[in-house]
Structure formats: structure tokens, C-alpha cells
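The values are calculated or read from the model by the stated rules, or taken from the named source; none is laboratory data. In this text, all values refer to a predicted model and were calculated from it rather than measured experimentally. All Cβ positions, even for glycine, are placed from backbone atoms using ideal geometry, and neighbour counts span all protein chains on display. Just so you know, the surface numbers come from the protein's heavy atoms only, side chains and all, with ligands and any DNA or RNA stripped out. Shrake-Rupley method; radii C 1.70, N 1.55, O 1.52, S 1.80 Å.
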Amino acid sequence: MKSLLFQSKYTLKESFDLFLVCAFPIHIWALLMAFRDFSWVAERTRIWDAIGLVAYALLIALLESIGVFILVLLLAWLLPTYWQSSKRIALTGSLFLILSAWAMLGQGYFLMQNPLPEGLFTLLAASEHPARILAAIILPLITLSVAIPALLIYKSSKILEGVLQFFERLTLLSIFYLLLDAMGIVVLIVRSLTQ
Amino acid sequence: MKPSLSRRDFLKLFGILPPALLAARFLREPVAPFNRPDAKNIIIIVFDALSARNISLYGYPRRTMPNLERIAEHATVYHQHFAGGNFTTPGVASLLTGTYPWTHRAVGLGTTIVANRAMFNLFKAFEGYYRLAYSHNNFVNTLLRQIRADVDNIKPQKDLFIRNPLAFDRLFPWDTDIASVAWQRAVKKGGNGYAYSLFLSEIYGKLTQGQMRDLRALFPRGITRIGEDDYFLLEDAVDWMISAITRTPQPFIGYFHFLPPHRPYCPRREYFGAFDNDTIGYWLDKPKHIFNQNANDSPISLKYQATQRRWYDEFILYADAELGRLYDALQANGTLQNTWFIFTSDHGEMFERGIFGHRTPALFQPVIHIPLVILQPGQQERRDVYASTSAVDLLPTLLHVTEQPLPTWTDGQILPPFADPIPDRNIYAVEAKYSDPHKPLNPVSAMLVKENYKLTYYAGYEVLGGAAGKRFELYDLEADPEELNDLYLKQPAIANRLQQELLEALQQANQPYQD
């Protein structure tokens, strides 16, 4: 069966798998963060409100996953059609996972309340353009972290196979998160009926 | 079996949904059910955290509120008006219920009024009027939501914010508190640098930065905001209010609660630095109080104190300009000819004794002495009332002046000159934000003003030695308005008499909550 949007390119299963790959990091981060606030909310109000908070977080994660999936699918659509669809899925999915890892690293850095390394801080403080210098350091790192895996997936069929197997396991976990999303929506409906 | 609703029928129904929703929006504002052509409207304007001590109308040497002075020329000015508590929740709950905080029990941050008191409120009392309310302040919105059945139109808080994104509290209006927290935590990285969302928060941040760029130039100390980044313009709120009032069915009662001059003090460029070169200097150097906020034992920084006060004063000046604009517009469109116009605050702000702002157990005059100016329709002369009055008096007074029956459940009295002042009247204020409202209040701060004396009672605070710790202070407000000379030990007869009255009143209020 073909996907409705990209009939000549991806099957519905491939599209759904790509969606599940996109949903995985978004959900894991949202859940981690929401559960950090769970006790804070429960103490100040009640456990039902804290459950509501997690339900809202899951709903936002679901919407974000759909948005990101559409963008990733558009990107995958731009890739040459003579590549196998599995290769294109592996490439775009990996690219998204690596970018997600960077996003988590970026937020996690603040979360752990880590200060900048002293040398880097001194360099930034002394310069007139700290943001530009920071970008000049980080952007090449991000580019490399994306380009190297992309090249490996493109060149090596073994790595491609490994990535696809990894995605298969990931999608199973993501289905669990989608179930949580469904439960979250039920919670929000119950909350709306009981308020 | 044939389905009762075909796909085509469903699509048809779905098609008429948007116009139906649009129509509902217009039909939501009902026609006032009260048909008394002579009934006067009521507008209550509350500026948050506005201390009477920093207002030129009340003798402050900086000319912080020239427009209020102008309004006062045709109004009644109350010189000794007291808030019910020293922060928004108890202060506004006292105004809305006509009861002291130990009665309405909305004493904690963002808490609500006890159920058996919430049913008696200002809006309920004006049932025949069209009832309209708006507040920038979250705590006020919590109270308004509690009594929403008695208000015809509560303007959503975020309608008057600069950014009005697809926020969850708007999508889930029945669950605003948690939906709002979830939305904030999900998309706003703010100063923390992290959010629930990995990517949406980035996009949201970039979009809002772009939106704010132009306004930043207008507000050198930051754009007026609630919390970290819920930006708003007082100008927008005033514009909305002017237009809403002209469209509101009459008679109406409107409660409008605007955040300035509440911290953070962010005046517009025209008012920024307005008092930089005056001669007030450090103002008064008062001794540190036991509730001072210094983490260590360092002395009070008079420079910091003076800076904070100056920034606050500039913000008042900005808020006053908008008050003036509002007054002029209401004057020009004829609204004030048949409207009672009330200007007040929910609590004050202080910059002395090592205490800054209003999040304090202390009940010194700067946090509890608030403005009250009442403009009667058609009033030409200024009247000054020097008797002590309280926020709880507003509700019975408004009922009295609109010729409605007075409730028995209020702690307030009809304000002079609309009735004769009651001699030797007791005025109270209560602060108990760390107490369980369903138990006898402890820790608690309570104040009694009688004649020219003010007795303050502090109990149960850690700094006083814990649950059993107590402290009394007595000041003669007439001879010592700055509360520098504690008479508690020097005038034992007066101190004992007031102490007994205050403790009896507190005990009586706590009676229903004894185990």
C-alpha cells in the first residue's frame, strides 16, 4: 500500500516508521522533563493535576512529532529517487536523531547547570562577537556529526542494515509512547468533563 | 442497519461549525437583564502594588501621579485607606468579598476564597448589572475564575498580552491553570534554557524575539511583563477598556486590574530616568527590621534602596499617564456622567528596613496603605476623608450609593461621606501566606488600626522562634507616620487594650477552624 502523500516514493509503513523515529526523541525528552515537574506540581496542587501536566506534555510532543515528521518527510522527498527508499529513510531518520541529540545536549547542558569551560568563557568574554564565535565552534561539530554518519550509511550496506535494524527496535518503543499519548488524550478529556 | 448520520451529513454539519462558533462569540455578551434607566455604572480600576506612600496626591515629594491629582480635583480622596492584606490574593479577595482575610481565607499565594464566602461577592451583589472583569494578574484571575458564575464577561488574561500564541490555556479554558503551566514549560525556555519541547521551543523563542525587537527600544528597562516573558502593554489594556465600556450594556460594573506599577519596574522611555536628578536622595534611612531580606548580616545598601524606589516611582509615573489617558477618554465619551469611577490598589510596596517589594510578613504602612479615590457622577468639588478606611468598605459603599440593600455578611462599613464615620472603628489587615487556611492561622501577621494608633502582631515565624514566637509593635500614625518609634513598651495601657482587641478578633475568626 502506498502512502497518500508520496505515492511514488514511500509505502505507508515506511512513512509511519519514519514518523515513529521522529516521535521517539521528542517523546522521551518531553516525558523526562514533565516527570521532573511531576512532584513539584503534585505538592502544590494534587496528583491529578500533575497527571494532567504530563498529559498536556504528551499532547504537545505528539503535535511536535507530527510537525517534525512532515518536515523530515519533505526532506526525504527531495532526495534522489534512484536511491532505495530504505536508504533515504535511514538517512533522514539518522539526520533527525543526530539533530535531536544535539538539541538534548544543548538543553541538558543548562539543565545540569554546567558552566561554560573557563577557557571558552574567557575567549567569548574577550571577543566582541561571542555568539558568532560560539556558532563557529559548534556548527562545524554539528556538520561533521551529521555528515560522517550520512556518508557511512550511503557507502556501507552493512551500516545501512544496522541503522534500519536500530530503527525497527526504536519504532517498537515509539509505539509505546503513542499508547501513552492516547492515554494522555483520555486524561485530558476526563479533565475537561470533570472541571 | 443504515447509519443515522451519513458521511455527507457529517460534512454538512462540520461545514456549519465555524459560522456557528463565530455567531456564539457575538451572542456571548447578553443584554443586561436590569432595566433601571437611572442606575449608575461602576468602574473599579486597580493598579497592582501601588503604595499610597509613593503617590504625590498623598504628600510624596516626587510628583509621581499628576493625573491622579487632576482626577482628585472632582473626587473624594481617602487619606488613610488600608488594604486587607499585603499581597494580591488577600488584598483583592477582601475587596471582592467585603471581608478581611481571616474571614475569606484566601491567604496563600494564588489560593481561593473559602466556599461559604465565595458565594457572597461584589459581582453577586450586583446581580442586576452587566458584570465585566479583566486582570493582568494571575492571582486575581484565579479568584475571578472561582466566582465566574457571577461575572458575565471575564476577559481572558492573555487576550491583552503582546504575544497571543496558540497557548493551551486558551485551547483548554476549563483547565486553564494546568494547561497554562504545561504550555509555559513546553515552549518557553526562558532563563532556564530548557523546555519540554526540543524543537518547538526553539522556533517559539526565535519568533518572539523578532516580535519584541521594536518594543525593546521603547522600554529601556525591559518590556512590561508578568513573570518571565508574558509581555503586555498597559496602553493596550487601556485602549481595550475604553472600547469595551462603550459596547457594554448598562448599567454595568467593571473590575479592571492592571499590573503596573508591580515589579518589574519597566517604564516607557519618556518616563525612564524622570527622577534621576531630583533631591530626594536616599529618602529615609530606617533601621533594619527582623523580617529584612538580607541573607547575611550586612547593612542595608541605601544606594540600592534609593535606586529601587526611583525605578518604582518612574513606573508609577508611566502608569499615571495611562490613567490620565483613560480618564480623559471616559470623560470625552460621556461615560463618567453616569458612572462611579473608583481608583485603588490591592496592596503597597516597600523600600525600607531591608525589605523590598511586598513579599514579606511585615505590615508597615508602605505595603498596607493604599490609595482610594472615588469619583461620583457629576461631582465638581474635591472632598478629603482622613478617617481610617479599609478595602472591605468598598463593597457595602457601592451597594449603598447605588441604592441597593446592604448585605449582613460583610466586615465593611459605608465609607464617609456617604455615611457618617464610625468613631473608634477598628480596621484590620492580615497576612498569613504560609498558613493553612483551613486551620487557625499560624504563622500570621495581623494589624489593628484604631484612632491614631496601629498595633501589629507577628506570630509563629521562624525568626521569632517558631510556632510559639510572638512580637507586637505599636505606632502612633499621627505623630509618627514613618513608624520609627515603637511605643509597645512605652504605652502599655494603649498597647494592652489594642492587643486584647486584636487577639480576640483573631481568635474569633479562627474559631470555625479549631480542631
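Here are the numbers:
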| item | result |
| --- | --- |
| Failed criterion for A:Phe38 (all others in (1) more than 10 Å from every other protein chain (Cβ to nearest Cβ); (2) touching a Pro at 6+ places or on another chain (Cβ under 8 Å) hold) | (2) |
| Some residue of the range B:66-74 being open to solvent by less than 10 Å² (accessible area, probe 1.4 Å), within 25 Å of B:His262 (Cα to Cα) and among the charged types (D, E, K, R) | no |
| Residue match in the range A:162-180 (condition: among the β-branched types (Val, Ile, Thr), open to solvent by 70 Å² or more (accessible area, probe 1.4 Å) and touching a residue at least 12 places away in the same chain (Cβ under 8 Å)) | yes |
| Residue that is least open to solvent (accessible area, probe 1.4 Å) [pool: residues in the range B:205-221 that are in contact with a helix residue (DSSP H, G or I) (Cβ under 8 Å, 6 or more places away or on another chain) and not in a loop (DSSP other than H, G, I, E, B)] | B:Ala217 |
| Condition broken by B:Leu200, with the remaining ones in (1) touching a helix residue (DSSP H, G or I) at 6+ places or on another chain (Cβ under 7 Å); (2) more than 14 Å from every other protein chain (Cβ to nearest Cβ) satisfied | (2) |
| Given (1) more than 9 Å from every other protein chain (Cβ to nearest Cβ); (2) surrounded by 14 or more Cβ atoms within 10 Å (Cβ to Cβ), index of the condition A:Arg46 fails | (2) |
| Options B:Asp411, B:Asp436, B:Asp420; residue that is at pLDDT 95 or above, over 18 Å from the mean Cα position of the chain (by Cα) and acidic (Asp, Glu) | B:Asp411 |
| Considering residues of the range B:179-197 that are facing chain A (nearest Cβ under 7 Å) and closer than 20 Å to B:Lys158 by Cα only, the residue surrounded by the most Cβ atoms within 10 Å (Cβ to Cβ) | B:Ala182 |
| Test: residue in the range A:20-33 that is under 11 Å from the mean Cα position of the chain (by Cα), open to solvent by less than 50 Å² (accessible area, probe 1.4 Å) and more than 13 Å from chain B (Cβ to nearest Cβ) | yes |
| Residue within the range B:400-408 that is hydroxyl-bearing (Ser, Thr, Tyr) and either surrounded by 22 or more Cβ atoms within 10 Å (Cβ to Cβ) or under 16 Å from B:Phe291 (Cα atoms) (or both) present | no |
| Number of positions in the range B:356-377 that are in contact with a Leu (Cβ under 9 Å, 6 or more places away or on another chain) and over 30 Å from B:Tyr458 (Cβ atoms) | 4 |
